[in-house]
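This report refers to the structure that appears directly beneath it.
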Number of protein chains: 2
Amino acid sequence: MPPLIVDVHTHVYPPAYMQMLRERKAVPYVHDPANKDEVPRLIILSSDNDPSIPLDQRGRPVDASYWNIDVKLSFMRQHGINCSVISLANPWLDFVEPQEAQTWAGKINDDLDATCARVNQAADPENKLALDQKETLFAMGALPLSAPADVVVNEIRRLKTLPHLRGVIMGTSGLGKGLDDARLDPVWEALQETDSLMFLHPHYGLPDEAFGAPGVTNRYGHVLPLALGFPLETTIAVTRMLLSGVFDRFPKLKVLLAHSGGTLPFLAGRIESCILHERKFISGGGDVPGPQRSIWEVLKENIYLDAVVYGKAGLKAAVTASGSDRLLFGTDHPFFPPLSEEEKDWPSVTTNYKAIHAAFDTEAEAVADVLGRNAARILNLK
Amino acid sequence: MPPLIVDVHTHVYPPAYMQMLRERKAVPYVHDPANKDEVPRLIILSSDNDPSIPLDQRGRPVDASYWNIDVKLSFMRQHGINCSVISLANPWLDFVEPQEAQTWAGKINDDLDATCARVNQAADPENKLALDQKETLFAMGALPLSAPADVVVNEIRRLKTLPHLRGVIMGTSGLGKGLDDARLDPVWEALQETDSLMFLHPHYGLPDEAFGAPGVTNRYGHVLPLALGFPLETTIAVTRMLLSGVFDRFPKLKVLLAHSGGTLPFLAGRIESCILHERKFISGGGDVPGPQRSIWEVLKENIYLDAVVYGKAGLKAAVTASGSDRLLFGTDHPFFPPLSEEEKDWPSVTTNYKAIHAAFDTEAEAVADVLGRNAARILNLK
């Protein structure tokens, strides 16, 4: 029998969310072309909203894989995935007017729970992850982060009442000022108290200037913003949490980092060294507290990493930093589809499967942990 | 007998260079305090030139370790380093007026060669790396990159006539527009033809906005710009080289990447995946050529990595990506000195020693390769 495979990194744009994006004209938005032969375009990165590009070619083409759960189930079957923990795709409501945030978060989270319930009807009620069952779903909730913290806290508590919800997905902007914002403390407290995993995911990447002279970003399509900007955004966000003492104040907080931590496992040593050499921190003779816990401790006690890093080299760093019991298979579906429609297996998925097998050589137990057992245990999937 | 130890990542500010920086008032510059009890300050990062900070506290304190080679030799003895390949410290003359660039590069490279000659007099002329000898030095040259490419090419050729020069150090701005600038092709050609290693090193980091809301960068001292900005600058620069086809056009180019590649080993898989999924490239149906060689091939055939990554996790990624025959010990001296003057051993150095031993467990041959044999072979040190 093949091992249980759980995908913890897989996104959906529920139909109601798509409709809202269709009604917008500012990033993020969906453009429906006048010519019905053309496919709709999703413009979610500000660098994609280039006025020099015709609207019908801006952003990326979207198809039913973005909103139709049957397409996701078919993708799961194709790739041997038993269970997906679906999460709202970026940018997670941070553009919604504050007074509408609660309504939208409630609507989307209820929709996610209903979708899971509908799909899971076909599964064994006693053991939804039984390997001979049809595919099953769980979900991570979205938070109304444009609203005040107490509204966010209420939604975190409400998510615990929805049977298929397992933790939350969050971008890097927090309440608008990043994840080291002290106003987020009630949110961290609620996440810690309810034992809710927070899936931290990038969306904004880096400002265009980071990549060099104007025009450089677009010269190579999405490669620079997606391959480098996204992972750095995650790394900066979690490093700011660390530096501001979030993990000191909330030592039981559980954070799943997208894309194997962005670059955190690789840069952890340099971050730790820079902290130890920082004259601004009290430990270096300054007046800023600085973090109290070592980054290595946080990596092994608070951080979980998905295994979406497309190579053995990245996985070796991830597993060395956090351990094979904290690494979780994911696909990033529906993003990175094959460019040719003839390809049934998605190279973006098979690359990660191969990397996991290569990284753990003959350690079958570690492979099984990473592919599904860790997720089932950590997210209490049953 | 302990293994040969070669430090390939160690910087100097020759006295003439220091004097030039003292005469400047714009970044980069050295500020000599009016009060002689205070130490001079080196302001090389634009984020350090914050007008709200008094001049006497701006940037970082500098001491004789920056320019006095006897201090470097003493540091080498303290840490068991047999040979250092010294390189000019950032930002490598890119701020120099074009008409003065050649003069400055010539002056500095001659100075570096003379310094090596003076120090190496004490060594065995037949085998300067004999382990029972005094410390020896080699150097990497600086290039007049604010001048036109033909001036740069001339200096690359001239460096081959200086007996202690081994390759060049270069920042990420190239001739002002980054390392994917086609005007650099004659420079890559000269480096390839003369078999000169190019040491690629960051200096500018990322723009402040990359780290979030205004003020975030300084909130944690130098941690964000140095721990995250520097490695990303390197990663962006080498990725732009790759994407623009530099390694296709110059397949024998040798590039040593600072800080174990910034984040390149970790992100290589994601970069490769994004390239394979890029619709703008010809391979994806677009009209931009895109790179022809795989990033994994470039990592094993063109890239060398220093071992300045302060942890086993980063080293595991580096060695998986490039191999233990391409990883080279370094210290980043004179940066990251101990904050307490009582500490004789620099934690920034001992952390890297420990990481190398931890990463290779019982593989004594690999440890010896990384600590010195690779550098001796690759840089032809004898």
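Taking the criterion of being more than 12 Å from chain B (Cβ to nearest Cβ), outside any loop (DSSP other than H, G, I, E, B) and touching a strand residue (DSSP E or B) at 6+ places or on another chain (Cβ under 7 Å), the residues of region A:307-347 that qualify are A:R326, A:L327, A:L328, A:H333.
Picking from residues in region B:157-213 that are part of a loop (DSSP other than H, G, I, E, B), among the small types (G, A, S) and in contact with a strand residue (DSSP E or B) (Cβ under 9 Å, 6 or more places away or on another chain), the one that is nearest to the other protein chains (Cβ to nearest Cβ) is B:G171. Taking the listed residues B:E38, B:E23, the one that is more than 18 Å from the chain's Cα centre (by Cα), within 22 Å of A:R279 (Cα to Cα) and not hydrophobic (A, V, I, L, M, F, W, C) is B:E38, with no other qualifying.
Residue count for region A:248-275, restricted to those that are over 28 Å from B:A307 (Cβ atoms) and either within 7 Å of chain B (Cβ to nearest Cβ) or of a type in the set (D, E, K, R) (or both): 4.
Against the condition over 19 Å from A:P231 (Cα atoms), more than 19 Å from the chain's Cα centre (by Cα) and either of a type in the set (S, T, N, Q) or more than 9 Å from chain A (Cβ to nearest Cβ) (or both), how does B:G221 come out, does it pass? The answer is no for B:G221. Under the condition of being under 21 Å from the mean Cα position of the chain (by Cα) and of a type in the set (K, R), the residues counted in region A:259-309 number 1. Scan region A:39-59 for residues that are part of a loop (DSSP other than H, G, I, E, B) and within 19 Å of A:Y13 (Cβ to Cβ) and the total you get is 7.
Looking at this structure, is B:L4 part of a loop (DSSP other than H, G, I, E, B) and farther than 23 Å from B:L226 by Cβ? For B:L4, the condition - part of a loop (DSSP other than H, G, I, E, B) and farther than 23 Å from B:L226 by Cβ - is met. B:P202 meets each of the listed conditions (1) surrounded by 22 or more Cβ atoms within 10 Å (Cβ to Cβ); (2) in contact with a Ser or Thr (Cβ under 8 Å, 6 or more places away or on another chain); (3) of a type outside the set (G, A, S); (4) over 16 Å from B:N90 (Cα atoms) apart from (4). Would you call B:A375 crowded, with 23+ Cβ neighbours inside 10 Å, on the phi < 0 side of the Ramachandran plot and away from chain A (no Cβ under 13 Å)? Yes. Can A:T239 be described as under 24 Å from the mean Cα position of the chain (by Cα), in contact (Cβ under 8 Å) with a residue 40 or more places away in the chain and part of a helix (DSSP H, G or I)? In short, no. The one condition from (1) outside any helix (DSSP H, G or I); (2) more than 7 Å from chain B (Cβ to nearest Cβ); (3) of a type in the set (D, E, K, R) that A:E278 does not meet is (2). Based on this model, can you work out whether A:T351 counts as surrounded by fewer than 21 Cβ atoms within 10 Å (Cβ to Cβ), hydroxyl-bearing (S, T, Y) and either closer than 21 Å to B:L305 by Cβ or within 7 Å of another protein chain (Cβ to nearest Cβ) (or both)? Here the answer is yes, as A:T351 does meet what is asked. For region A:224-247, a tally of residues being more than 17 Å from A:D180 (Cα to Cα) and either modelled with pLDDT under 95 or within 8 Å of another protein chain (Cβ to nearest Cβ) (or both) returns 6.
The values are calculated or read from the model by the stated rules, or taken from the named source; none is laboratory data. Everything numeric here is computed off the predicted structure, so don't read it as measured data. Quick reminder, even Gly has a Cβ in these numbers, built from the backbone with ideal geometry, and neighbours come from all protein chains shown.
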